[in-house]
Structure formats: C-alpha cells, structure tokens
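The values are calculated or read from the model by the stated rules, or taken from the named source; none is laboratory data. All figures in this text were calculated on a predicted structure; none of them were measured in a lab. Here the Cβ positions follow ideal geometry from the backbone for every residue, glycine too, while neighbour counts run over all protein chains shown. Just so you know, the surface numbers come from the protein's heavy atoms only, side chains and all, with ligands and any DNA or RNA stripped out. Shrake-Rupley method; radii C 1.70, N 1.55, O 1.52, S 1.80 Å.
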Protein chains: 2
Amino acid sequence: MMAHDLQRDWQPILRAFEVVLGKNGVVGRKEELLVYECDGLTSYRQRPAVVVLPRTTEEVAAAVRICVKHQIPFVARGSGTGLSGGALPVENCVLIVTSLMRQILSVDLDNQRVVVQPGVINNWVTQAVSGAGFYYAPDPSSQIVCSVGGNVAENSGGVHCLKYGVTTNHVLGLKLVLPDASMVEVGGAVPEMPGYDLTGVFVGSEGTLGIATEITLRILKVPEAIQVLLADFTSVEAAGAAVSDIIGAGVVPGGMEIMDNLSINAVEDVVATGCYPRDAAAILLVELDGLAVEVAALCERVGAICQQNGARSIVSATDAEQRLKLWKGRKAAFAAAGHLSPDYYVQDGVIPRTKLPFVLQEMQRLGQEYGYQIANVFHAGDGNLHPLILYDHKVPGALEQVEALGGEILKLCVQVGGSISGEHGIGADKRCYMPEMFTPADLETMQWVRQVFNPQGLANPGKIFPTPRTCGEAAQAKTHPFAAVERF
Amino acid sequence: MMAHDLQRDWQPILRAFEVVLGKNGVVGRKEELLVYECDGLTSYRQRPAVVVLPRTTEEVAAAVRICVKHQIPFVARGSGTGLSGGALPVENCVLIVTSLMRQILSVDLDNQRVVVQPGVINNWVTQAVSGAGFYYAPDPSSQIVCSVGGNVAENSGGVHCLKYGVTTNHVLGLKLVLPDASMVEVGGAVPEMPGYDLTGVFVGSEGTLGIATEITLRILKVPEAIQVLLADFTSVEAAGAAVSDIIGAGVVPGGMEIMDNLSINAVEDVVATGCYPRDAAAILLVELDGLAVEVAALCERVGAICQQNGARSIVSATDAEQRLKLWKGRKAAFAAAGHLSPDYYVQDGVIPRTKLPFVLQEMQRLGQEYGYQIANVFHAGDGNLHPLILYDHKVPGALEQVEALGGEILKLCVQVGGSISGEHGIGADKRCYMPEMFTPADLETMQWVRQVFNPQGLANPGKIFPTPRTCGEAAQAKTHPFAAVERF
C-alpha cells in the first residue's frame, strides 16, 4: 500500500468527478460524508474524501479512471450492511457507492436468469419474479436492505444456503470495471463457460479486484410445498446431535437453525413470538421444501429424529402465515440481541458439523474466561456459527477484549478443521486471522491474483490480506489491525 | 510460447528424472512413448520427449523442478480420455502422467468428503463409499477409465450434472504443484473458504496453471429411490418441447437425455437393448431421484408432460436391473456411433434450452450442406449438445470439412447465447473459437491469470487460448489450429 498525500488539492478532482457524474453524483461536503464512515461493522470509522454515485458501467469506469489518473485509492460500497468492514473507507479514498444503480435490467424466466445493477436490493430480485413462481435463493439476514453488489463482493450466505448454496452458486456472469478502469465480462448466460472461472474468483473478492456493474443471477422455481418444524431441547448438544442425525439420514433441509436459551429469551422479550419456549436450552428450526408428498414424508422423518434426540415438543407449520411466525424470532435475533446489552459483536466462523457439541462447550468456556455472555444463533446445518458476544463499548477496554475473544473463537474453528468466515467475508476485521488458515505460500498465491488485477493497489487496499505493518504490530501491541482508522 | 531446442541433449535430463522418480518412473524409449501421443482426441498426435510417472506430490514437484531448470514445457495427463486434446503433448515436452498416483488417501463419511490422488479413476470414488450409502456425482461417459485429475483439469460433466452440477461443484480443495514447482493448497475441507476462490479457477484450467496432486471431493448420499422413464416421440422437436416443459414445471431430474433416430438405430444394432423403438424420431430418458413418495409423484408428472407433448409410449423402470437396461443404449451411444461410419467427431456445445428446436434443425441443415450425417445424443436438460459427425478419415479432406462443420455448430451455439464447451474443455481443439465467445479484453483478463501462475509458459503451452501464430494462420489458410502436430 502506498502512502497517500494528505495535502492533495481535492477541488479539481471533485470537478473532474462532477463532469462525468453530474453534481448530484458527487458528495464532498464533510457533514454529508458522515453516513459513509462505516459499514455494518460500526466499531471502526473512517471518513472518505469523496463519495461518488455512478449510474452505469461507463460512469463507474469514468470514476475509476479519475482515481487511477490521480492515484487515489477507491472503495466500492453497496448498502453498507456488511459485517466485516469490507466497505470501510480507507484514508483519503474515493468511495464509489452503487445506490443509484438500482435497475433490474432484464428478466428471462424461460432460462431462469435475471440481470441486475449492483445497487439492486437482494429482496427486490425475488419480488420481481415471485409473481411467475420464481425466487432468488441467497437470503442474508439483511436481505431487505443489502445490495446484490455487496452480496457478490462478500459472497453472502443466508438461511437457505444449506440446500441452495451461497451467492457464488447463483451468479452466472458479471460485467466488471477492473482497477485499471477497463470493462470486461466474465462468465455468461450459461452456467458453465469455457476458460478460467473468473466469475468464481470475483465473487467474494470484496472489491479488491474491481467493481461489478451488471450481475446475471440464477433464479429458482418456488417449491410446491414448504413446511417449518420447531423442536425444543433441554440441551444445545441434543439439538446439535439432531442436526447431525438429520443430515446423516440424507435429508437436506432448506434451512436448519439453532438458537440458544439466551437468544430465545431475547427475541421473546422483543418480538414476543409466543412460540419459542423460554425454558428451552435450545430450539431447532427446520424448513423442508419440495413436492407436497416429499415434504410430508421429510417432516415425519425429521420429527422422529428430533424425538429420538430428546425433543420436548415439536410444532410444525405449513401455511405461509404460521411459517412466518415460527421464523419471526430467528429473523429478529440479531436486532433482539441489541436489547440484551448496549453492544454486541457478531462472529462468523464455520466448523465441521460433527464438532458442534465440542465447539459450543468451548465457546461457553471461553466466554466465562473472558467474562462475556455469548448468545448463539446459527446456521446449524452447514456448521456456520454466529456467536453474538454481548458487551458495552463504554467500558474501557471492552471492545479490545471482545475482539480478542472473537479471535479465540476463530482459532477454535480453524483448530477443528473449519474456517474463519462462513458468509460475512474477511474485510478489514479478520485479515490478521488469514495466516491461521493459510500458509505463506497459499496466501502468496492469492496475492498473485490480486496483484495482477490490481497492480497499483488502488482497489480497496488493506482488505482481506494481512500485512506485516498492521497485523505484525497488532500481534505485538494488541491493538486492532485496522488501528489507522478512528476508533468509535 | 517459446521456441524449444530440438537439439537438446536428453540423456542428462532423463538421468535427473531417474534420480528423483526411479528407473520405473521414467519412460524414454521411442516405442514406449507411442501410447502417449494423443488423448481421446485421436485425430492429432505428437510424441512427447519423455514420460514421467510420479507417485507423490513431492515427486510431481521434483519433476516440475527439473522441467523449470531446463526450461522444458510439461503437459499433465491422467487417463488420456479427454476429447479436446487437453493432454495432447507439445513438441519436445515432458509428459507428467498421474497413473501411478492412484491412492484414495482418506474417506470421511461424517463430513461427506474423500481425498484422492489425481490418478484415481472416477468410478473408484463411488465404489469406495457406496457400501456406506454414498456416491460421487459427476459421471462422464468415460467414468470407468477417466481419472479424477483429468476431470478436475477439464471440469468434466456427465449425465447427472443437470441436478448435481459439474466437477467444480464437487471439489472442495486441492493440493497443487504450481508451474514454478512450489506446492500450495487451495480451498479446504469446508465448502466456503475465505479469500479468492482459487479452487474454482484451477478446476477447468486444463493443466495451464499447475498440476493437482491431492483432490478433496464432496460425496453425496445415495437417494432413497431412483426411477427412469423412457418416452418415445415422432419428432425431435416434440422431445425437446417435453424437456422444456419438465424444467418449466420446476422438476429437476437427476438426468435428462435425448437420442435421435440415427443414434437409436446405432445402439440397437450394436447392443440390442430391445427397449428403444427403432422407428422413433427421438427418445427421451428421464431419471428421477429422491424420496420414494417424491419420485413416484415426479414420475407421474413427467409422464403426463411427455404425453401432452405427444409421446407414443412411456416405459418406466424402478429396480436397478431395469434401470440399467434403459440406460444401456445411452451409455453405449458413442461406442455405437463408431459402427455407423469409420470415424466420428464429437462436438460439445451448450445452448439455452429454449433454443433446442431451432438449433437441432439448423444442425441438420448444416450437415446436409456439408454432406455429413450427424447423430445426436445429448444432455437435453442443460442444453449440452453432443452432435456426432460421421465421416471417414481416409477420404481426403474429410477431417478438415468435419472440423469446419463442427466449428459452424459451435458458432451457432454462441449465436443463440450458448457456449463452445459444456464439459469437454477447450484444449488444443477449440482454442481458435474462444474469440467467438470472448472479447479481446475478456481473454486478456484470463491471460493475466495464466501469466501470473505460469509466467514462463511451460505448463501445457498452446492450450485454451488462441494465438495469432496459430489461429491467425488457421483463419487464413483453413488449416487446423494445431497444425504443428502430426496429422493422424
């Protein structure tokens, strides 16, 4: 990363942006820039020098061209809901915001694909095709506000990714503006294209390889029947064992989520679903979809497995209203956690399903050791944990301790053969943990790709990859790896 | 591509290989090298200078190190069944053959993954886990002889890829020897790993980015029930319309194949299934899998759709023996085509399903124009065509005409929004058609990746990408793009 000139004269640069984007496409006033200081990882903030709002691929390319000419780092941002700081600005950067790129460009139901601009909200894709009986499968918790472009950058997941895969499994092709401002297309209309799978590399690259300006998505047929089961257990381990047995029986539910007692009570306090037993150690939500006969048979099987694992009660819902009621608490879980304490830190790690009981116990032990409560709400089917560490940022040192605890949890995930991110990305937040998963040679191989696409390092610098300057210091001084940014 | 010294003294190089691989690991005698002159694309041949047979990752790295030291191009080869010439040797190259790397290194049923060496035969993976109720989904026609390493290189497909995806959807991680002889790991044990998806880039890279030496595969549970339907139609278009309607109804069969009258009669002549009506214009084979109740319901639905589209008769099979009988002809179709004429050329293109009737008619018209018969056997569900152009290589100019006809078919696929390869790869055979699908900027972006992994161009040179030297000349002189190799 190069040093960026703080003394830069921004006036001619602002004017250059205004020439290509119009006055409404450029934000330079300090007070207007405030809202762009952070993404969903709110604990770190950095004001960008300029925010630009292009409307088309050509305008994105024009904006990037200005950045290249003046050697200004640039960061792409969708709705800013990401949880790993992937869209956190860097000092004196241009933030390229896609919120004016909200057109659904084409809908091809026959071939089950939709082309969208990156600022289109995740949920709009389903809304656009639901009348014809289709939907877009990846469904992050933030789906009513997060953008498809951000989903592509972070390779977002969601409840239904157990059966249907994460974002990368639903992106057929991309129109890209590369860091040198050139425009290319990768992938295409058919699922398997010849040559290297650059679509796959780009999805999840968190803005370090360029900016997606048109995205071709695969849509799926809405299943004939959907049923949700809610089983409650007297131990989290029993719920975990039921999950293992369900998968072991060859059943692949549409979604399979566990919430622990702390989460259950939090959501009942806040949204009062009335269907989550407050005295349960854990509840398991299982959504089954497919043909009506299939779903009925699967429900019977899953119910029996839950009972074998000691479920106290099993409730099931088939009609849409009842189903939404069962899901309501799960969907509100993160918001409800905000009522348990002034702040919470969401971790995102993956473990092999078979390690679930061990890891859940270890997390509780670590929480006690550090003196913080941990609420658990997670995608149990694919071993994607989301421990919520509860804290109060006003207590001096609390954030640092919570981050250290979060780091211990990530190391635990790696130790049992898992991963440091399931669906939130690495961003600014986790890059110092990359060496826990990858050898220097493995990381260098990824850097080859970054450097060939982004040789000047202008596209979202400081994200994904550890650098000696930041992570080396962090390891020694126990400061946050992204210490250059202003602490909130 | 650099010029390689024909006058090289191979004796010290052979000895260097023998030091690291043993005498049995090195083949240098001219007559023994004969079998390595081509892969499944038998119309072009080139003898390698040396064949080496490593047993481990370290031995592959040692072999590559010798190639780098002496600046010798190297080509990786599995079983040599590929149909696009991906493993066709280049002049004065070292062929690195993985047929001694045939160990299944680990089986983890709990987490549904198997680690294999690249020379392991595709079918062995299923055999190793079928006792426990699992299988490996990608099933190329050549599955009883082709290697997993070759499948990874070519991103192979198969009948069941309609529902379950091609090889890339089943590879979780890879141990690689890169073209500079370094060893790295990409991907891993969990499906979604942080950082760039280099596993996805490597799968389908046809040996141009290095050699996979350990492959972690995802295995699936064998479905509870499988049923196969055979419907016969009086026109290929009606069979194609049935396919569209089946997919349009939201049914995703395990496999869905069409064979035309020429293919039907060819297989009946050779394997006499007795169940393919010789007077049918086309038959449609549909395999449905899942829960027993689900499969029964789906069969009823698919049967009704076939009848609505004018199917004359529908036969169905549930037990394994009957199912195999219905599949027997399809599995033997390529072999049977060999009895229709002295030679055939298999093309591999993809089209959007909705274009099926138009493209099938156009192909017949093109065949008549060129004066060659075309038999059609194809993965109808995903629009992956496999026209077999029948010819006799002894007729002067026939191969050139057939290749030109094959090229016209590829261009037709691209024109309707499809692709020049569904599952056979680009290799040596189709690289001059890459500009039909990709702009110069798109191809250059892929080249960036190739050059960063393979800056000296030693790893499988001359594959995938067009070069002005070969394709430029080919376009002018109508010679084969790989004209440097010996014509068979």
As a check on your grasp of the helix formula, calculate [θ] at 222 nm for chain B: sum -39500 (n - 2.57) over DSSP H runs of n ≥ 4, divide by the residue count, round to the nearest 500. -10500 deg cm²/dmol
Counting only the heavy atoms of the protein chains, how much of B:His393 is accessible to a 1.4 Å probe, in Å² to the nearest 10? 80
Dmax and Rg, reported as Rg then Dmax, of region B:265-326 (C-alpha, Å): 12.9, 37
Mind listing the phi-derived Karplus ³J(HN,Hα) values for region B:282-290, rounded to whole Hz, using 6.51, -1.76 and 1.60 with θ = phi - 60°, and x for any glycine or proline? 7, 10, 10, 9, 10, 9, 10, 9, x
Amide H of A:Leu385 versus every other amide H placed in the peptide plane: which residues, excluding those fewer than 5 positions away on the same chain, fall under 5 Å? A:Gly349, A:Val350, A:Ile351
Where the only charges are on Cβ atoms (+1 Lys, Arg; -1 Asp, Glu), what is the dipole of region B:10-97 about its Cα centre, to the nearest 20 debye? 160
When the solvent-accessible surface of protein heavy atoms is calculated with a 1.4 angstrom probe, in what order do A:Arg431, A:Arg218, B:Arg15, A:Arg312 fall, highest first? B:Arg15, A:Arg312, A:Arg218, A:Arg431
5 Å-binned pair-distance histogram of region A:180-241 (Cα, whole percent): 3, 11, 16, 14, 9, 7, 10, 11, 11, 5, 2, 0
Using protein heavy atoms only (no ligands, DNA or RNA), what is the total accessible area buried between A and B, 1.4 Å probe, nearest 100 Å²? 4900
Over what distance in Å are the Cα centres of region A:87-134 and region B:56-120 separated? 41
With charges set only on the Cβ (+1 for Lys and Arg, -1 for Asp and Glu), what does the dipole of the protein assembly as shown come to about its Cα centre, in debye to the nearest 20? 1140
Evaluated at q = 0.09, 0.16 Å⁻¹: base-10 log I(q)/I(0), Debye formula over Cα of region A:271-427: -0.35, -1.03
Rounded to the nearest 10 Å², the accessible area of B:Trp327 using a 1.4 Å probe with every protein chain kept is 20
Region A:295-359: spread of alpha-carbon positions along the three principal axes, whole Å, largest first, is 43, 34, 21
Could you sort the residues of region B:432-467 by number and keep only those whose accessible area is reduced by 20 Å² or more in the all-protein-chain setting relative to the chain alone, 1.4 Å probe? B:Met437, B:Phe438, B:Ala441, B:Asp442, B:Thr445, B:Met446, B:Trp448, B:Val449, B:Val452, B:Phe453
Please list the equivalent ellipsoid semi-axes of region B:66-149, computed as the square roots of five times the alpha-carbon gyration tensor eigenvalues, in descending order and whole angstrom. 30, 15, 8
Taking placed amide H atoms and a strict 5 Å upper bound, the residues 5 or more places from A:Gly195 or on another chain that come that close are B:Ile426
Which Cα, out of A:Val129, A:Thr42, A:Gln71, lies furthest along the positive dipole direction of region A:1-151 (beta carbon charges, K/R +1, D/E -1)? A:Gln71
Rounded accessible area per residue of region A:168-225, 1.4 Å, Å²: 25
Considering only protein heavy atoms and a 1.4 Å probe, what is the carbon-and-sulfur percentage of the accessible area of region A:225-335? 54
Result for chain A, cysteines with no Cys Cβ partner under 4.7 Å, is A:Cys38, A:Cys67, A:Cys93, A:Cys146, A:Cys161, A:Cys275, A:Cys299, A:Cys306, A:Cys413
Structure shown: which of A:Lys163/A:Lys355; A:Lys175/B:Lys430; B:Lys175/B:Lys430; B:Lys23/B:Lys394 lie over 30 Å apart, alpha-carbon to alpha-carbon? B:Lys23/B:Lys394
Taking the Cα centre of chain A as origin and charging only Cβ (+1 Lys, Arg; -1 Asp, Glu), how large is the dipole, in debye to the nearest 20? 820
Determine the distance separating the Cα centre of region A:395-449 from the Cα centre of region B:424-450; give it in Å without decimals. 36
Region B:351-380-region B:162-208 distance, computed between alpha-carbon centres (Å): 34
Roughly how large, in nm² to one decimal, is the mean projection of the convex hull of the alpha-carbon atoms in region A:104-221? 6.9
Seen from all sides and averaged, what is the projected area of the convex hull of the Cα atoms in chain A, in nm²? 22.5
Scattering profile of the protein assembly as shown from the Debye formula, Cα beads only, expressed as log10 I(q)/I(0) at q = 0.06, 0.08 Å⁻¹, is -0.44, -0.80
Kirkwood hydrodynamic radius (Cα pairs, Å) of region B:10-97? 12.8
How much of the pair distance distribution for region B:168-290 lies past 20 Å, counting alpha-carbon pairs only, in percent? 62
Taking the Cα centre of region B:341-425 as the origin and placing charges on Cβ (Lys, Arg +1; Asp, Glu -1), which of B:Gly406, B:Pro387, B:Val416 is farthest toward the positive end of the dipole? B:Val416
Compactness relative to 2.2 N^0.38 Å, alpha carbon Rg of region B:225-332: 0.98
Listed residues B:Phe233, B:Ser263, B:Val243: farthest to the positive end of the dipole of region B:225-332 (Cβ charges): B:Ser263
For label points placed 7 Å from Cα toward Cβ, what is the shortest-first list of nm distances from B:Gly250 to its copies? 2.4
Per-copy distances of the B:Gly133 label point, shortest first, in nm (7 angstrom along Cα→Cβ): 3.3
Scaled by the rule-of-thumb 2.2 N^0.38 Å, the alpha carbon Rg for region B:341-425 gives a ratio of 1.02
Going from most exposed to least, what order do B:Thr439, B:Thr168, B:Thr213 have by accessible area with a 1.4 Å probe? B:Thr439, B:Thr168, B:Thr213
Net +/- balance of residues flanking B:Trp327 in space, Cβ distance below 10 Å, scoring K and R +1, D and E -1: +3
Given backbone amide H placed at 1.01 Å from N, residues whose amide H is under 5 Å from that of A:Ala282, ignoring those fewer than 5 places away on the same chain, are A:Phe233, A:Ser235
When all protein chains stay in place, what accessible area (Å², nearest 10, 1.4 Å probe) is found for A:Glu300? 140
HN-Hα J in Hz across region B:171-183 - Karplus 6.51, -1.76, 1.60, θ = phi - 60°, x for Gly and Pro: 9, 8, x, 9, 9, 10, 9, 7, x, 8, 6, 6, 10
Leaving ligands and nucleic acids out of the surface, order A:Asp108, A:Asp245, A:Asp348 by accessible area at 1.4 Å, largest first. A:Asp245, A:Asp108, A:Asp348
